[in-house]
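What follows is a set of notes on a single structure, which appears directly below.
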Amino acid sequence: MKHLAPKACLTILLAGVVVPPAMAAHYCLRNQVIPPICIYDDPAECQKDANRQGAECDVNPNEIHLNAQFGKYCVVTAGGVSDCNYTDPGTCSREAAQKGGACAPSPGHHPLQAPNPYSPVEGY
């Protein structure tokens, strides 16, 4: 009887393993310098890092769809629940912190003012 080498046995064993597709993170850290870094599943953690780095926590549009409403900003909580009725980032950020979520820009909302080159986030 012929024995298989350990390497051959491992190859045969792994041939039947099915690897599930990687899941994308729901929240992204972004600023005007680097492309979005989508590594967060917890909106509060994303917001915490965004505050520390002078960036924004935004939703991954491939994972969470925000409905544009009245405001410029949305409070997004775990599970992708959003409320896009905030007109200023301060109020939005306070509500997000209180609810354990993140304050993200409302989709499709463009600022009315000219870009501010001295602003740490997106020039606005």
For LYS99, are the conditions met, namely being over 19 Å from ALA25 (Cα atoms) and modelled with pLDDT of 90 or more?
yes
Search the range 51-62 for residues being part of a loop (DSSP other than H, G, I, E, B) and more than 9 Å from the chain's Cα centre (by Cα), and hand back the single one that is farthest from SER93 (Cα to Cα).
ASN62
Log entry, pairs with first residue in the range 48-76 being free of Cβ contacts under 8 Å to residues at least 40 places away in the same chain and over 19 Å from ILE34 (Cα atoms), second being part of a strand (DSSP E or B) and hydroxyl-bearing (Ser, Thr, Tyr), beta carbons closer than 6 Å, six or more apart or on different chains, reads GLY71/TYR86; TYR73/TYR86; CYS74/SER82
Checked the range 33-47 for anything within 9 Å of the chain's Cα centre (by Cα) and without any contact (Cβ under 8 Å) to a residue 12 or more places away in the chain; matches are ILE37
For the subset of the range 78-92 comprising residues that are closer than 16 Å to ALA25 by Cβ and free of Cβ contacts under 8 Å to residues at least 40 places away in the same chain, which member is surrounded by the most Cβ atoms within 10 Å (Cβ to Cβ)?
ALA78
Just to check your reading of the model, which residue among CYS84, CYS38, CYS92 is part of a strand (DSSP E or B), at pLDDT 85 or above, within 15 Å of PRO107 (Cβ to Cβ) and in contact with a strand residue (DSSP E or B) (Cβ under 8 Å, 6 or more places away or on another chain)?
CYS84
Here the residues within the range 58-77 that are under 12 Å from ALA25 (Cα atoms) and surrounded by 15 or more Cβ atoms within 10 Å (Cβ to Cβ) are ASP58, VAL59, ASN60, GLU63, ILE64
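The values are calculated or read from the model by the stated rules, or taken from the named source; none is laboratory data. Every value quoted in this text rests on a predicted model; they were computed, and no experiment measured them. For neighbour counting, all protein chains shown are included, and Cβ atoms are generated from backbone atoms with ideal geometry for every residue, glycine included.
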